[in-house]
Amino acid sequence: MVQERASLPPAPGRETARADAPDAALADTTPADGPEPTPPSTAAPAPEGAPLSDAAPASDAVPASEGAAEPVAAVAGTVSPGGVEREPGRVLWARVVAGVAGGVALYTAFPSLNWWPAAPIGVGLIVASLYGTRPRRAAWLGYLIALVFLLPTLAWVRPIGDDVWLMLVATESVFYAALAALAALVFRLRAWPLWFGGLWVAMEWARSQVPIGGFPWARLAFSQSESLFTQYAALGGAPLVSFAVAVCGALLAYAALVRPKAEGVWRRAVPVVLALAVPVLTLALPRPGDEGRTVNVGIVQGNVPGRGMGFLGDEPAVVLKNHANETKRLAQAVREGKLPKPDAVVLPENSTDIDPYQDPYAREIIQDSVRDVGVPTLIGAVVAIGEDSRATRSLVWDPVTGPGAYYDKQHLVPFGEYTPFKEIVLALWERASLVGRQSVPGDKPGDLKLGPITIGAVNCYEVAYDDTVRGTVRAGGTVLAMQANNATYALSNLPTQQLAMYKLRAVEHNRAVVAAATTGISAYIRPDGKVSWQTRELVADMNVVKVPVRTQETIATTVGAVPEWALMVMGAAAAGAAAWRGRRRGDRMRND
């Protein structure tokens with residue numbers, strides 16, 4: 001096989017052919033599409049450890065961009081019959097190793113490990129893995145990276161079944177493959193770290209929409225609930241936090257990929273400085289001030305008798321009794337002066353396992369416990385809707401008048417609260433019958449009057465959806481009440497991931513969060529995202545916390561999804577421009 005010098009893409013920051021071209025820290029770094037024959041050369045191969053901008057194989061080879069002044073260090077490869085050089089095997093292995101390391105780093109950034117600086121480092125390694133290759137190869141590298149990242153991050157799904165866990169991860173990994181393929185295009189443009197960040201936001205948005213309602217867990221933002229990046233949530237919500245982390249990581253990769261001449265060392269320093277500036281700038285952002293009003297809110301965690309899919313146990317009404325008894329214990333502690341008197345009390349999602357509208361026994365147990373505590377209480381119940389349907393409901397229970405205003409969960413858990421493609425799935429999958437009655441979604445935000453305050457009710461799975469949480473704050477919620485039932489996933493990494501989302505939402509909307517979960521983690525989070533009190537898992541517990549009431553909206557609450565759409569359009573436009581430029585250059589070469 002003939003050995004020739006690889007026609008390599010220039011590393012970031014290399015000078016263009018024009019001697020008078022201005023320097024740019026984020027220069028046009030990778031080439032346009034279109035195969036180009038590589039001339040023979042006597043240049044020696046680059047030493048081991050050359051950056052990942054080496055030539056790609058056959059259909060994945062990346063030719064030199066127009067106007068490159070001088071070639072970067074080359075790696076000897078083999079030329080295919082079509083005249084396009086194949087990437088050396090060691091370079092491919094380097095890509096795989098960098099990608100796998102990046103996926104592992106992303107996992108460690110998420111709860112329960114919470115090593116938040118690992119997120120931009122992981123993104124940087126992923127960029128290094130993809131940089132300089134073509135979309136097809138980038139796609140399968142992206143899929144591999146996603147598997148490494150998502151398998152442990154979403155391991156909390158395993159109590160439902162390993163098959164469900166694997167199918168979910170396999171499906172979600174497709175979005176990362178698409179991101180990687182588009183990233184391979186935008187790496188050919190100037191300022192590509194910005195376009196890459198926009199594409200990452202677009203990928204997370206797409207994951208939040210499809211299939212069957214989307215799955216927005218494990219977004220980059222949710223690894224940054226208590227980090228230097230957190231405050232970006234108050235400006236542009238979770239999408240802006242993800243964007244900032246992605247850009248920071250891409251800038252680190254940019255600096256690592258640069259191979260400057262002696263007089264161009266600053267081209268490596270500039271992206272490093274910019275990468276460090278991205279999180280540090282949040283220290284200068286103003287924080288909303290206290291508004292001088294507080295309320296006392298009781299939080300009750302009653303625990304459940306079973307575990308996993310059988311968390312309700314074999315005896316009816318045990319979950320209901322556990323939460324009623326814990327509510328009465330809270331009332332007793334108040335009478336004894338051990339706790340301050342609450343103005344309102346919040347119980348978890350599914351704090352009653354019997355419909356209180358239809359069962360007089362359940363209704364009396366709830367009424368007795370609420371009467372004992374003496375203040376309006378938010379109950380979590382699954383209630384019948386007609387003959388065949390149900391709703392997951394946050395229900396305000398008055399100590400005198402009983403059930404009143406309510407909020408029905410809007411984002412339902414597929415295969416947990418309803419069965420998509422019901423006829424087919426029930427025929428093929430026996431476990432799907434455990435859903436029972438099919439839940440129907442609510443269509444109104446969760447602003448509920450609870451004693452002296454208007455709470456914003458959000459149910460469990462919904463905390464991952466930007467529009468649901470934002471909608472309840474816009475509707476008038478001054479304290480966010482997060483009700484959850486994590487009993488199926490107790491002691492997995494789900495409760496800690498959910499707690500991280502609570503913290504980010506508190507900062508995003510300048511609202512205190514009171515979280516009540518059947519088995520934990522129940523918590524009180526201040527508007528600055530700091531946890532002031534939390535429970536252990538699988539225990540019965542309760543407390544009364546003093547909560548600030550906030551009415552001032554953040555910029556993120558006011559502008560809504562505008563930053564997200566702006567970032568997505570930016571990334572998509574960059575990918576389109578890169579594809580168009582590559583096709584145009586290919587056409588010109590064919591004409592020549």
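Assessment of the range 382-389 against the conditions (within 30 Å of Thr230 (Cβ to Cβ), open to solvent by less than 60 Å² (accessible area, probe 1.4 Å) and hydroxyl-bearing (Ser, Thr, Tyr)) yields no matching residue. Answer yes or no: is there a residue in the range 255-273 that is of a type outside the set (A, V, I, L, M, F, W, C), under 24 Å from the mean Cα position of the chain (by Cα), buried (at least 18 other Cβ atoms within 10 Å of the Cβ) and more than 30 Å from Ala516 (Cα to Cα). Scanning the range 255-273, I find no residue that is of a type outside the set (A, V, I, L, M, F, W, C), under 24 Å from the mean Cα position of the chain (by Cα), buried (at least 18 other Cβ atoms within 10 Å of the Cβ) and more than 30 Å from Ala516 (Cα to Cα), so the answer is no. Apart from one condition, Gly529 fits all of (1) in a loop (DSSP other than H, G, I, E, B); (2) out of contact with any Lys or Arg (no Cβ under 6 Å at 6 or more places or on another chain); (3) closer than 19 Å to Tyr232 by Cα; the exception is (2).
State the number of residues belonging to the range 472-498 that are open to solvent by 10 Å² or more (accessible area, probe 1.4 Å), more than 19 Å from Val440 (Cα to Cα) and either more than 18 Å from the chain's Cα centre (by Cα) or aromatic (Phe, Trp, Tyr) (or both).
If we filter the range 472-498 for residues that are open to solvent by 10 Å² or more (accessible area, probe 1.4 Å), which is where we start, we get 474-476, 478, 485, 488-493, 496.
Now restrict to residues that are more than 19 Å from Val440 (Cα to Cα): 474-476, 478, 488-493, 496.
Now narrow it down to the ones that are either more than 18 Å from the chain's Cα centre (by Cα) or aromatic (Phe, Trp, Tyr) (or both): 474-476, 478, 488-491.
Residues flagged as open to solvent by 10 Å² or more (accessible area, probe 1.4 Å), more than 19 Å from Val440 (Cα to Cα) and either more than 18 Å from the chain's Cα centre (by Cα) or aromatic (Phe, Trp, Tyr) (or both) within the range 472-498 amount to 8.
Within the range 237-249, residues that are within 12 Å of Ala566 (Cβ to Cβ) reach partners that are open to solvent by less than 10 Å² (accessible area, probe 1.4 Å) and β-branched (Val, Ile, Thr) with beta carbons closer than 7 Å, at six or more positions or on different chains, in the pairs Pro239/Val201; Phe243/Val201.
Against the numbered list (1) crowded, with 18+ Cβ neighbours inside 10 Å; (2) at pLDDT below 95; (3) of a type in the set (A, V, I, L, M, F, W, C); (4) farther than 21 Å from Lys449 by Cα, Leu285 comes up short only at (1). Looking at the range 404-418, can you tell me whether even one residue there is over 24 Å from the mean Cα position of the chain (by Cα) and part of a loop (DSSP other than H, G, I, E, B)? No.
Here Thr558 passes the criteria (1) touching a residue at least 24 places away in the same chain (Cβ under 8 Å); (2) open to solvent by 20 Å² or more (accessible area, probe 1.4 Å) except the one numbered (1).
Looking only at the range 331-347, filter to residues that are more than 16 Å from Pro376 (Cβ to Cβ) and part of a loop (DSSP other than H, G, I, E, B); which one of those is least open to solvent (accessible area, probe 1.4 Å)?
Leu339
Within the range 175-204, the residues that satisfy the criterion of being of a type outside the set (A, V, I, L, M) and farther than 21 Å from Pro111 by Cα are Phe175, Phe187, Arg188, Arg190, Trp192, Pro193, Trp195, Phe196, Gly197, Gly198. One residue stands out in the range 317-326 among those that are in contact (Cβ under 8 Å) with a residue 40 or more places away in the chain and more than 17 Å from Ala484 (Cα to Cα): the one that is most open to solvent (accessible area, probe 1.4 Å), namely Asn325. Of all residues in the range 355-374, those satisfying the criterion of being assigned to a loop (DSSP other than H, G, I, E, B), open to solvent by 10 Å² or more (accessible area, probe 1.4 Å) and in contact with a strand residue (DSSP E or B) (Cβ under 8 Å, 6 or more places away or on another chain) are Asp355, Tyr357, Gln358.
Return the pairs, sorted by first residue and then second, in which the second residue is of a type in the set (Asp, Glu), the first residue lies in the range 518-545 and is crowded, with 21+ Cβ neighbours inside 10 Å, the beta carbons are less than 6 Å apart, and the residues are 6+ apart or on different chains. Short answer, once both residue conditions are applied: Thr519/Glu537; Gly520/Glu537; Thr535/Asp541; Met542/Glu326.
The values are calculated or read from the model by the stated rules, or taken from the named source; none is laboratory data. Computed from a predicted structure; not experimentally measured. Note: ideal-geometry Cβ built from the backbone for every residue, glycine included; neighbour counts use all protein chains shown. When the accessible area is computed, the model is the full protein with side chains, heavy atoms only, and any ligands, DNA or RNA have been set aside. Shrake-Rupley method; radii C 1.70, N 1.55, O 1.52, S 1.80 Å.
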